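Reading through the structure tokens given below for one structure.
The values are calculated or read from the model by the stated rules, or taken from the named source; none is laboratory data. Just so it is clear, the model here is predicted, and its values are computed rather than measured. Positions of Cβ are backbone-derived with ideal geometry, glycine not excepted, and every protein chain shown enters the neighbour counts. Each accessible area value is taken on the protein alone, full model and side chains, heavy atoms only, with ligands, DNA and RNA left out. Shrake-Rupley method; radii C 1.70, N 1.55, O 1.52, S 1.80 Å.
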Amino acid sequence: MDFNNLKVLVDYATSGAMPIADKEATVIKLKAEKKAICKQLSAMPNSEERRNAYKELNRLMYQLYNAKAFVRMVKDEETHEDKPVYIKVDSMANMILCYSV
């Protein structure tokens, strides 16, 4: 089972590299990847490999509760350096986990 595309999308969503404007597009891509993986999983025979693949899929999906999006850069008043501001977008996980694909 190939989870590479899904892993890349989950890493993008949880790393803080995703701008807030890309949230909806990322959710659409994640849903499409999840749908493709679920289709492959349903075609697999009931085996240890299938159970492990479902566990990996669930692990990746629940990582989305740690998703954060980049909002803007702000000046730190103490150090006078620019630092990023993130917003938690754990709602992505709900959009993907709780709604049918």
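Within the stretch 1-31, the residues that satisfy the criterion of being of a type in the set (A, V, I, L, M), within 13 Å of M61 (Cα to Cα), open to solvent by less than 60 Å² (accessible area, probe 1.4 Å) and without any contact (Cβ under 8 Å) to a residue 60 or more places away in the chain are L6, L9, V10.
Annotation: of all residues in the stretch 1-51 being over 10 Å from the mean Cα position of the chain (by Cα) and of a type in the set (D, E), the one that is farthest from V85 (Cα to Cα) is E48. Among the numbered criteria (1) outside any helix (DSSP H, G or I); (2) open to solvent by 60 Å² or more (accessible area, probe 1.4 Å); (3) not hydroxyl-bearing (S, T, Y), which single criterion is violated by N58? For N58, the exception is condition (1). Scanning the stretch 32-52 for residues that are touching a residue at least 60 places away in the same chain (Cβ under 8 Å) and either open to solvent by 80 Å² or more (accessible area, probe 1.4 Å) or farther than 27 Å from A69 by Cα (or both) yields a single hit, K35. The single condition among (1) touching a helix residue (DSSP H, G or I) at 6+ places or on another chain (Cβ under 7 Å); (2) under 22 Å from M1 (Cα atoms) that D11 does not satisfy is (1). In the stretch 70-91, which residues are in a loop (DSSP other than H, G, I, E, B) and either touching a Pro at 6+ places or on another chain (Cβ under 6 Å) or open to solvent by 100 Å² or more (accessible area, probe 1.4 Å) (or both)? The answer is E77, E78, H80, E81.
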